[in-house]
Amino acid sequence: MSLAAESPSPSSPSSSSGSDDFAALLDAELELTSAADSASAGDPSAATDDDDEGGDEEEEDVVVVVEQEDAIVEQSSTKRRRVEDQHRHQAVVMKSDEDTVDVKIDECPPHPGFFGGLCYRCGKRQDEEDVPGVAFGYIHKGLRLGTTEIDRLRGADLKNLLRERKLVLILDLDHTLINSTKLFDLSAAENELGIQSAAKEVVPDRSLFTLETMQMLTKLRPFVRRFLKEASDMFEMYIYTMGDKAYAIEIAKLLDPDNVYFGSKVISNSDCTQRHQKGLDVVLGDESVAVILDDTEYVWQKHKENLILMERYHYFASSCRQFGFGARSLSETMQDERENDGALATILDVLERIHTIFFDPVIKRVRQEVLQGCKLVFTRVFPLHQRPQDQMLWKMAEQLGAVCCTDVDSTVTHVVALDLGTEKARWAVSNKKFLVHPRWIEAANFRWQRQQEEDFPVARPKEKGKENAADAPISKENGDKNAADAANAKKGNENVADAGSTKEGSKENADDAANSEEGSKENADDAANAEKSKSDGAASGATGS
């Protein structure tokens, strides 16, 4: 959020995102502190050397401090009277898109917060009873806000964010957006490749930098610039690192040289309220709209539900050694993550979907875009004698935007089956339609995105029942081969039938031949008997004559 408190000095004020009264009062306190500092600098007795002061000089210091405190008290009294007059004559008006709400400002105590040890509403000096609250030193050094004021500011900021259709994005640095290493931790291979010299080259869109004052090298993760640019349209962004303040500020300058993304919203380890833990208590953004990107889960014990765990970016050899990787680093192999499908590009797609779903009041519309344009036919997926329209998978497909039917036609795009042994499955193969396993629909429902059909193949009949059959990829060529095998099998069955017919015909021919042979034998016997009868007749004639 863009609080006026984020300006580093009174000379560069900025408007409050949700709290004009807070901004005005805080700017006034900045002017008060600046005036007090100027008065201290103008006092000649204040220009003494602390290391060389004696007893007399210490007494002079006490006098100077007392005079300064008196001046601050006098200034704060004037400030308090001015604030009280302002409260009596006008109320703070917060306008929204729909209506105007008059907000009554309560008198102190309780104090909304302290700046430089003074309540920025009434000017009262902070005492031991006023200690509770949270320090927001990254906004202004010495700024502490009470719980009630934090809730008020977060509520006002939430209204502005929703009006602008934005959420809050908390970004880790090391291994998420960048990777850094100390110069003395560079490996021999990295030094031989001249990585230090490469970091000093000034080229457009460079991603390797030298932090001279810290004796470090920093590598920006591929796609990070485009990531920040596109994410800034959807989110109000914070940097939150367990690194030191000076380091965090230097990295913020590399990521945001024009200071358009983060402003003073750079949180470091000195701002944490719990040791070795990060928390949203120091973020002036509502937890309900906060998304966290970090490579380390255990530092977000109280906010795991807001966390998207990032794949770690290991560019330098020291990073690989730190996490126990024995392989050569990206820097040693002179390689890097790909821009278009690397970790940040993938997460940007997720953030876009989160943003769309959050701000679209009709989630049903978003869900129906997943399988829009798909027409499905199911074959042997549901139990027999039950209406397919009543089955969960059918309803799920329709909720995702698909059209479901029971018969195939030219408009069908997908056939959902458990194996290739059905008529509809074979129709899909022969007509070059998508043939997918039911898990294709389940995956689309889980990921809110249409999945690649080839990742959910259908098993062959003989492999039905094997758990990993559906996981084995089946290409279009294999599908054609399966169709050819089925045709060959059918042809083989016809050949077997022909062989049987041929065998039966051969048997009948053999029987006919045997019958023919037997008939010939009978004819020969008849001829012999006729010849014998003729001879007997001739002999009888001769005897009679």
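Condition check for residue 372 on (1) exposed (fewer than 14 other Cβ atoms within 10 Å of the Cβ); (2) in the same structural domain as residue 232 (by the TED database); (3) not in a helix (DSSP H, G or I): one failure, at (2). Does residue 302 count as open to solvent by 10 Å² or more (accessible area, probe 1.4 Å) and within 21 Å of the chain's Cα centre (by Cα)? Answer is yes for this residue. Within region 215-244, the set of residues being free of Cβ contacts under 8 Å to residues at least 40 places away in the same chain and more than 18 Å from residue 169 (Cα to Cα) comprises 215, 216, 244.
Table: residues versus (1) assigned to a loop (DSSP other than H, G, I, E, B); (2) in contact with a Lys or Arg (Cβ under 6 Å, 6 or more places away or on another chain).
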{"site": "137", "(1), (2)": "yes, no"}
{"site": "150", "(1), (2)": "no, no"}
{"site": "158", "(1), (2)": "no, no"}
{"site": "170", "(1), (2)": "no, no"}
{"site": "189", "(1), (2)": "no, no"}
{"site": "217", "(1), (2)": "no, no"}
{"site": "228", "(1), (2)": "no, no"}
{"site": "238", "(1), (2)": "no, yes"}
{"site": "243", "(1), (2)": "yes, no"}
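The set of residues from region 417-448 being farther than 19 Å from residue 395 by Cβ and among the polar types (S, T, N, Q) comprises 422, 430, 431.
If the condition is being over 29 Å from the mean Cα position of the chain (by Cα) and closer than 28 Å to residue 277 by Cα, then region 197-253 contributes 211, 213, 214, 215, 216, 246. Scan region 244-294 for residues that are among the hydroxyl-bearing types (Ser, Thr, Tyr) and open to solvent by less than 10 Å² (accessible area, probe 1.4 Å) and the total you get is 1.
The values are calculated or read from the model by the stated rules, or taken from the named source; none is laboratory data. All of these numbers come straight from a predicted model, not from anything done at the bench. All Cβ positions, glycine included, derive from the backbone under ideal geometry; neighbour counts span all protein chains shown. Calculation scope for accessible area: heavy atoms of the full protein, side chains included, ligands and nucleic acids excluded. Shrake-Rupley method; radii C 1.70, N 1.55, O 1.52, S 1.80 Å.
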